[in-house]
Amino acid sequence: MTATPSDIQAAADVLRGGGLVAFPTETVYGLGADAENPAAVTRTFTVKGRPPSHPLIVHIAGLEHLEEWVADVPGTARVLAERFWPGPLTLVLRRSPRVPPEATGGMDTVAVRVPDHPVALELLKAFGGGVTAPSANRFGSVSPTTAEHVRSELGDAVDFVLDGGPCHVGVESTIVDTTGEAPSVLRPGGVTREQLEEALGRPLAVDSSSRIRVPGQHPSHYAPRATVVLVEPGDVIAEAQRAQEEGHQVGVFLPPQFADAPVKAHAVAVVPASDAEYARELYGFLRELDRRGCDLIIASLPAEQGLGLAIVNRLRRAAGPRSGR
Ligand code: TXA
Ligand code: MG
């Protein structure tokens with residue numbers, strides 16, 4: 001059920017009272033708090049089970065509010081914001097005094113974005129200020145792309161859940177750091193590297209798969225309960241069968257070119273041929289295979305171009321080491 005105008009007013013009141021509101025964005029559902037209320041922001045970390053050193057994204061209603069939250073807007077940031085906001089792009093900028101240290105993990109930069117979802121934008125307008133929102137899941141687990149995912153994972157820990165239907169991008173925003181000499185991508189996401197390079201007219205560094213640069217980029221993020229194993233596309237069916245015969249409850253991400261092949265496994269998710277559709281379904285697939293009791297998921301990686309880059313990043317992290325999670 002999509003949120004009504006009175007739901008949105010009620011949710012804005014909850015934010016004003018220092019409460020937590022889960023709301024839809026085009027990427028994933030966020031767990032919102034008044035960015036200027038340190039107690040509310042701190043509660044976000046408690047509810048998620050996330051270390052307080054991990055900075056949050058401040059969501060704003062439009063580019064016209066950016067200067068309230070940042071110390072300056074470099075030319076590259078302005079170009080990107082004008083081109084991609086509202087949209088799945090987060091910009092890291094030097095923070096203004098308005099941003100409390102609780103929101104940024106004590107850093108002197110802040111991440112900001114304008115989400116492209118009518119319910120999110122209405123909420124931000126009704127509330128009037130900035131809303132910090134990490135993805136509305138427990139720390140380290142799979143991000144929610146429906147209101148039902150939020151309710152089943154966070155339950156009563158959230159004061160209000162706004163339902164805006166399934167998220168149409170399905171993976172988180174692309175994070176671009178514009179505080180350095182050259183802009184760099186800290187997390188691939190809904191805006192592709194190719195789109196960014198086209199807007200900037202030059203190549204971009206992508207940092208995400210190398211080392212952990214900022215808190216919140218743990219290798220084991222986005223992980224389902226099941227162990228995820230990545231293999232070559234041509235080996236998915238044989239590996240699944242072998243693991244199933246060994247006694248595992250195997251879930252398979254079946255590459256689209258093998259959609260019609262017989263597979264011996266506990267549960268099968270056929271990967272869509274379009275990366276946009278794959279991104280939209282990715283987290284739902286991981287949740288569904290967990291729900292069906294799979295203890296092992298066999299998947300392969302799509303090509304690292306377009307949205308494929310974000311999908312590869314999330315699958316690698318889902319398959320990453322679990323310690324330190
Ligand atoms: O699509 C999204 O970005 C979603 C929706 C709800 O907007 N939000 C989201 O938030 O994914 P979260 O908290 O799950 O991820 C935020 C990421 C973290 O990896 C964090 O390290 C990074 O943003 N981040 C936040 N502030 C930063 C900063 N000042 N410098 C570098 N990275 C920052
Ligand atoms: Mg997250």
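The values are calculated or read from the model by the stated rules, or taken from the named source; none is laboratory data. Not measured: the values here are computed from a predicted model. So basically every Cβ, Gly included, is an ideal-geometry build from the backbone, and we count neighbours across all protein chains shown. Quick note on the areas: whole protein, heavy atoms, side chains included, nothing else; ligands and nucleic acids left out. Shrake-Rupley method; radii C 1.70, N 1.55, O 1.52, S 1.80 Å.
For every residue, the table says whether it meets (1) within 16 Å of ligand 2 (Cβ to nearest atom); (2) in contact with a helix residue (DSSP H, G or I) (Cβ under 6 Å, 6 or more places away or on another chain).
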| site | (1), (2) |
| --- | --- |
| ALA126 | no, yes |
| ALA133 | yes, no |
| GLU153 | yes, no |
| GLY170 | yes, yes |
*In this structure, does THR44 turn out to be in contact (Cβ under 8 Å) with a residue 12 or more places away in the chain, within 18 Å of VAL99 (Cα to Cα), of a type in the set (Ser, Thr, Tyr) and open to solvent by less than 40 Å² (accessible area, probe 1.4 Å)?*
yes
*Could you tell me which of the residues GLU153, GLU197, GLU172, GLU181 is among the charged types (D, E, K, R) and open to solvent by less than 20 Å² (accessible area, probe 1.4 Å)?*
GLU172
*Does any residue of segment 11-25 turn out to be part of a helix (DSSP H, G or I) and within 21 Å of the chain's Cα centre (by Cα)?*
no
*Test for ARG50: is it in the same structural domain as VAL171 (by TED's automatic domain parsing), within 16 Å of ligand 2 (Cβ to nearest atom) and not hydroxyl-bearing (Ser, Thr, Tyr)*: yes
*Any chance segment 308-322 includes a residue that's more than 27 Å from VAL191 (Cβ to Cβ), at pLDDT 95 or above and not assigned by TED's automatic domain parsing to the domain that holds TYR29?*
no
*When you go through GLY293, GLY251 one by one, which is the residue that is within 23 Å of GLU148 (Cα to Cα), buried (at least 18 other Cβ atoms within 10 Å of the Cβ), outside the structural domain of GLU153 (by TED's automatic domain parsing) and touching a residue at least 40 places away in the same chain (Cβ under 8 Å)?*
GLY251
*Please work out which one of (1) closer than 25 Å to ASP7 by Cα; (2) part of a helix (DSSP H, G or I); (3) open to solvent by less than 20 Å² (accessible area, probe 1.4 Å) is the condition GLY164 fails and give its number.*
(2)
*asked:* If I go through segment 139-150 residue by residue, how many of them are within 15 Å of ligand 2 (Cβ to nearest atom), open to solvent by less than 30 Å² (accessible area, probe 1.4 Å) and part of a helix (DSSP H, G or I)?
replied: 1
*Is segment 65-86 home to any residue that is crowded, with 16+ Cβ neighbours inside 10 Å and either within 27 Å of GLU153 (Cα to Cα) or within 15 Å of ligand 2 (Cβ to nearest atom) (or both)?*
no
*Enumerate the pairs (first residue in segment 224-246 and in contact (Cβ under 8 Å) with a residue 40 or more places away in the chain; second residue anywhere and in a loop (DSSP other than H, G, I, E, B) and open to solvent by 70 Å² or more (accessible area, probe 1.4 Å)) with beta-carbon separation below 7 Å, excluding pairs fewer than 6 apart on the same chain, so at least 6 apart or on different chains.*
ALA240/LYS264
*Looking only at segment 164-176, decide whether some residue is touching a strand residue (DSSP E or B) at 6+ places or on another chain (Cβ under 6 Å) and away from ligand 1 (no atom under 13 Å from the Cβ).*
no
_If ALA111 meets every condition in (1) more than 16 Å from ligand 2 (Cβ to nearest atom); (2) open to solvent by 10 Å² or more (accessible area, probe 1.4 Å); (3) among the small types (Gly, Ala, Ser) apart from one, which number is that one?_
(1)
*Mind checking which pairs have a first residue in segment 71-88 that is more than 15 Å from LEU196 (Cα to Cα) and a second that is buried (at least 19 other Cβ atoms within 10 Å of the Cβ), Cβ under 7 Å, 6 or more apart or different chains?*
ALA71/ARG95; VAL73/LEU66; VAL73/LEU93; PRO74/THR178
*Does any residue in segment 136-161 that is more than 18 Å from ARG225 (Cα to Cα) and more than 13 Å from ligand 1 (Cβ to nearest atom) come within less than 9 Å, Cβ to Cβ, of a residue that is among the polar types (S, T, N, Q) and open to solvent by 10 Å² or more (accessible area, probe 1.4 Å) six or more places away or on a different chain, and which pairs are these?*
ALA157/THR46
